[in-house]
Amino acid sequence: MTQATSTNKIVVLGNESVTLPKGYKAGGMHCGIKKKRLDLGYIVSDVPATVAGVYTTNVFQAAPLVLTQESIAKENKIQAILVNSGNANACTGEQGLHDAAQMQKNFADELGIQPHLVAVTSTGVIGELLPMDCINTGIKQILQSEFEQEEKFKQAILTTDTCIKQIGVQLTIDGKTISIGGAAKGSGMIHPNMATMLGFVTTDANIAQEDLLFALKDVTNQTFNMITVDGDTSTNDMVLVMANGLAGNEQLTKEHPDWASFVDGLNIVCKELAKKIARDGEGATKLVEVQVSGAFSTDAAKTVGKSIISSNLVKTAIYGTDPNWGRIVTAAGYSGVPIEPNLLEVSIGQYKVFEKGLPCPIVEEEVKSYLEHENVVIYVDLNQGEYSATAWGCDLTYDYVKINASYRT
């Protein structure tokens, strides 16, 4: 049974996902890209949906991303998403673009819609051509036997992930129930500024495209762009939001009185997906959260937070339950943000470890015991202003090396 909690009139549904909003179906199957695991997933809306996307900053954008961005630009609408895992279709030249276009057209033909209404994306090994015979066979089977199995969609998008990542929220706008659902994949090659992850968000809200894109970019900067696992940014990754309008509300724009509520709901979905990705970092045992306060600007707070959460020395210390506050202070100090050392305060959980340029007396065994928890919070107060930001990451373990040393085997 789905457990629900209410946050500022927003109901959070932890076991719901992309089919929570009206008019969406999803599914997945094994088509043969991987040896055994599901590897082809899809989302379909009953009607064309307004769409917004954000994409990896890596200059080597994979063929599916190039094609999807070109398709969306035609009318800012899509009706379906097709995603394969196990093969990234990146650095595959003209053949890769041709294969991505074939995936798009074949799925569109099965659905009876125009090709530009299908977004395609891939994730997995870079530099290998897609096994198109497998994918084409899988596409033909979608409408025959595998349709409307959302759980299989969430499995089909995974690579080295150890768990599915999902969340749903509901709120009321214009007297109508608005739903927002999300699913994501991501475990390694994760770093701020849209890294190796795929995020799929659906809503039945009626919303103007330019405002949907504005909201997504703003929320992404607070959520997906505030996580890191290993400092690597991949070639394939993006977040797409589909809004099909079937809830029947008056069109949402930034001037709508309930605009802030919608953005809050979108923020909750994206933040929870981002945190799940960070917690599922390859080989990770802990979710690490860095809360920075007292900054002279939001950007300064973000920069300090990301510097700390990206530090391999901080991450390994947390894995080893070592309350080595010096690594935290050092990472803040090389962030590039002007910091006054004598104003800086650092706490690990409830234990203050650094203040006024000097270490604080601590009972080391108590702090070590805190670091054994699955969720670790580091508080950093710059005492230089009123702005704050939060970043998320994970510890760095022996298993991370094992997983990535044999990724292609």
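What the table shows:
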| item | result |
| --- | --- |
| From Thr223, Thr235, Thr228, residue being polar (S, T, N, Q), within 30 Å of Gly93 (Cα to Cα), open to solvent by less than 30 Å² (accessible area, probe 1.4 Å) and in contact with a helix residue (DSSP H, G or I) (Cβ under 6 Å, 6 or more places away or on another chain) | Thr228 |
| Residue that is open to solvent by less than 30 Å² (accessible area, probe 1.4 Å) and within 17 Å of His373 (Cα to Cα), where the choices are Val346, Val290, Val269, Val353 | Val290 |
| Residue match in segment 18-39 (condition: at pLDDT 95 or above, on the phi < 0 side of the Ramachandran plot, among the charged types (D, E, K, R) and part of a loop (DSSP other than H, G, I, E, B)) | yes |
| Every residue from segment 375-389 that is open to solvent by 40 Å² or more (accessible area, probe 1.4 Å), within 19 Å of Val353 (Cβ to Cβ) and within 24 Å of the chain's Cα centre (by Cα) | Asn375, Tyr379 |
| Helices (runs of 4 or more DSSP H) wholly inside segment 221-325 containing at least 2 residues that are over 30 Å from Ile362 (Cβ atoms), at pLDDT 95 or above and among the hydrophobic types (A, V, I, L, M, F, W, C) | 259-279 |
| Counted residues, segment 351-393 - those being β-branched (Val, Ile, Thr), over 30 Å from Thr223 (Cβ atoms) and assigned to a strand (DSSP E or B) | 0 |
| Count of residues meeting criterion [β-branched (Val, Ile, Thr) and part of a loop (DSSP other than H, G, I, E, B)] in segment 114-168 | 6 |
| Those residues of segment 69-95 which are more than 21 Å from Leu38 (Cβ to Cβ), in contact with a Leu (Cβ under 8 Å, 6 or more places away or on another chain) and at pLDDT 95 or above, in sequence order | Ser71, Lys77, Ile78, Gln79, Gln95 |
| Whichever residue in segment 50-68 is among the β-branched types (Val, Ile, Thr) and assigned to a strand (DSSP E or B) and, among such residues, is farthest from Ile33 (Cα to Cα) | Thr50 |
| Hits in segment 114-133 (condition: closer than 22 Å to Val66 by Cβ and open to solvent by 30 Å² or more (accessible area, probe 1.4 Å)) | Gln114, Pro115, His116, Ile126, Gly127, Glu128, Leu129, Pro131 |
| Residues that are outside any helix (DSSP H, G or I), touching a residue at least 24 places away in the same chain (Cβ under 8 Å) and either touching a His at 6+ places or on another chain (Cβ under 9 Å) or surrounded by fewer than 16 Cβ atoms within 10 Å (Cβ to Cβ) (or both), drawn from segment 93-113 | none |
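The values are calculated or read from the model by the stated rules, or taken from the named source; none is laboratory data. Being a predicted model, the structure only gives us computed values, none of them experimental. Positions of Cβ are generated from backbone atoms using ideal geometry, with glycine treated the same way; all protein chains shown enter the neighbour counts. Side chains are part of the model used for accessible areas, which takes the heavy atoms of the whole protein and leaves out ligands, DNA and RNA. Shrake-Rupley method; radii C 1.70, N 1.55, O 1.52, S 1.80 Å.
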